[in-house]
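The values are calculated or read from the model by the stated rules, or taken from the named source; none is laboratory data. Predicted, not measured: the structure shown is a model, and the values here were computed from it. All Cβ positions, glycine included, derive from the backbone under ideal geometry; neighbour counts span all protein chains shown. These accessible areas exclude ligands, DNA and RNA; they are computed on the full protein's heavy atoms, side chains included. Shrake-Rupley method; radii C 1.70, N 1.55, O 1.52, S 1.80 Å.
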There are 2 protein chains.
Amino acid sequence: MSHTPLDATQDVVSLTETICNISSVSGDERALADAIEVLLKAQSHLTVLRDGDAVVASTNLGRSTRVVIAGHIDVVPVANNLPVRRENFAGEEHLWGRGTVDMKGGVAIQLKLACELTSPSVDVTWVFYDHEEVDASLNGLGRLSRNHPSVLNADFAVLCEPTAAVIEGGCNGTMRVEVSASGVKAHSARPWMGKNAIHGLVDVLERLERNQPDVVSVEGLEYRESLNAVLVSGGIATNVIPDLATVTVNYRFAPSKTVQDAEEYLRSFFTGFEVKVVDASAGARPGLDRLAAKEFVDAIGVPARPKYGWTDVARFSALGVPAVNYGPGDPNKAHADDESVPVAQIESCYAGLKAWLSK
Amino acid sequence: MSHTPLDATQDVVSLTETICNISSVSGDERALADAIEVLLKAQSHLTVLRDGDAVVASTNLGRSTRVVIAGHIDVVPVANNLPVRRENFAGEEHLWGRGTVDMKGGVAIQLKLACELTSPSVDVTWVFYDHEEVDASLNGLGRLSRNHPSVLNADFAVLCEPTAAVIEGGCNGTMRVEVSASGVKAHSARPWMGKNAIHGLVDVLERLERNQPDVVSVEGLEYRESLNAVLVSGGIATNVIPDLATVTVNYRFAPSKTVQDAEEYLRSFFTGFEVKVVDASAGARPGLDRLAAKEFVDAIGVPARPKYGWTDVARFSALGVPAVNYGPGDPNKAHADDESVPVAQIESCYAGLKAWLSK
């Protein structure tokens, strides 16, 4: 059991501060998970499930719509940035320190609303999960979906990841391929006896450099795709004409495309070269054509934008649940040593979710 | 002292066989060096110097011309290819096994002629040295030139390295540079926030691919230059737009050019990119305009060809001594597990050198 009880009657900014100060670096989430479990179990309108260091609390009001509102409780390693401080930057009050952006503001909002909203307009499944910041195989949301598949069933999901308090819908898919040029080894004093595989990459890099990635409209959001070399390697020794050179390419593709579409595109794009798929994850549609999503966007009152980075919303998408990100904090500040969030964003996301769930 | 005495009255092919069977992998040349020293010290017309496992024997006849005839006595590791065998390939008798090509045929020729030619037409310094097949800092010829600078003084030098019994003059110089493209890091989901350094290499590779290397005539030999990527690397992680990518380029340049010429050329060739010199070795002029060299070529009666790979002739060139390679065996068979030399090449090089030194 935790030694730091949580109090949902605190204002949401103070509650964020309290939660940040319970250090919960990935793998060490127990104390925070315990405190969350204790608080939620004290709420008679919630049914609580514990799985490892994930805690799930559900209303069961028989509403026609169910939404999942989820957030991870782990943080990346502390960098001399705890306890959190209140700071004034450019005339705006901030919470400064580890977790303020990624994503304990979101967790505090979830926790406070889970306790306060005893009769929300839709049934809500509040999900607090572990191990988001580490290898995907450890991810608590993934584990929950395997151990308790029905618990994530919903019409719509909101992940309270930092979006600077705007709605970011779905996410691009991602695929990595190795594109190789081959040649014939020779001594570099007599290169005309061989064929230089590194020189052979010129055409691969030219195609990448020339390429104008697509912008794809999906349910009203414009997903900007991209295709980039992320690694290059080749050569055996400084006196040998290399017979193999390889570029690792990362393709970020719109959520309207499947992994198979992406692979076909890349094989065609790199015609003439050996292409090996290294890894792939489908994107997530924003689901903004669903009623629950439309009501969410209307209630929040800010425009939805596409998300480019792959996030856990794709786990919901894979389960058939459209999902968006919505939470306080600039995502570019996530993991930074000077991580900090304007308190106004915590308050506006709290108010936005509350308005939606109360209408 | 060696347990295998050497006998210079053996025919040159049998002597090659005997020398091959005294294993002398780099670092383990003592037994062979001892045997060579004992044999040469028994010759009253020679003055013998021992330095580590190098042995130098000189005539001192007061001739107006002095030549160095040199060869290394070490071999690359044995690969189940000793003792040597006599084999018939394509109707031609061969010696098969480690060292037959690189370069105990040459060593046997040197040793037999050093003993037989008690009154050669020029003074001769016979050099047998260690550690040629390993790091250049260990090279016995380099050590001799530091410990006994005057011992390599000569008008002309012949290295009995394998050339398939033709004369290969001088050698190209070699320079390695790292050519780098820089960029700006970004998450690969939002590449438009950064600048891709790997894509930035396209211009480097294009210049290499487009390049038509020069052929440079030096003292009547045509040196073919070359410019090749030998290594390429770049990238930090598969989700980061790389901010640095580097190609290692090897330039082989004609012996009429200095190291400084080579560097200026590469800096100009790669204008717009960072160029860092990693290593450089000047080439060696063939010296075919010198009288001693002309007499050598005339006596051997085969045309001289340029040498492309960097060899120890460049050590002589650095001392102001023009040098050529001339020895039995196909250099492409050097270091091969099936190393083998036609015995006719051993005999013809023996006869060629003997004719030159006897005229």
Where a ≥ b ≥ c are root eigenvalues of the Cα gyration tensor, a/c under 1.5 meaning rounded, otherwise prolate if a/b exceeds b/c and oblate otherwise, region B:1-51 counts as oblate
Using a Gaussian network model on chain B with a 10 Å cutoff between Cα atoms, which of B:270, B:316, B:156 fluctuates the most?
B:270
Name the residue from B:38, B:16, B:184 whose Cα lies farthest towards the positive end of the charge dipole of chain B, charges +1 on Cβ of Lys and Arg and -1 on Cβ of Asp and Glu.
B:184
Charges only on Cβ, +1 for Lys and Arg, -1 for Asp and Glu: so what's the dipole of chain B about the Cα centre, in debye to the nearest 20?
740
Suppose you put the label 7 Å out from Cα in the Cβ direction; list, shortest first and in nm with one decimal, how far residue B:91 is from each other copy's label.
9.9
Accessible area per residue for the protein assembly as shown in Å², computed with a 1.4 Å probe and the full protein assembly in place, what is it?
38
Report the accessible area of residue A:294, computed with a 1.4 Å probe over the heavy atoms of all protein chains in place, in Å² rounded to the nearest 10.
110
In whole percent, how big is the carbon plus sulfur part of the accessible area of chain A, probe 1.4 Å, protein atoms only?
49
Sorted from shortest, what are the nm distances separating the label point of residue B:166 from equivalent points in the other copies, each placed 7 Å from Cα along Cα to C-beta?
7.1
Given only helices, namely DSSP H runs of n ≥ 4 each adding -39500 (n - 2.57), what is the per-residue ellipticity at 222 nm of chain A, to the nearest 500 deg cm²/dmol?
-8000 deg cm²/dmol
Just to confirm my numbers, what's the Cα centroid distance between region B:140-191 and region A:291-359 in Å?
61
Less than 14 Å apart at the alpha-carbon level, and either on another chain or at least 8 residues along: which aspartates and glutamates does that give for residue B:257?
B:214, B:219, B:222, B:225
Can you give me the relative contact order of chain A as a percent, contacts being Cα pairs under 8 Å and 6 or more apart?
23
Teacher prompt: residue A:44 distances to equivalent labels in other copies, 7 Å Cα→Cβ, nm
12.6
So which trypsin sites (Lys or Arg not before Pro) in region B:47-101 end up in coil per DSSP with only 10 or fewer other C-beta atoms within 10 Å?
none
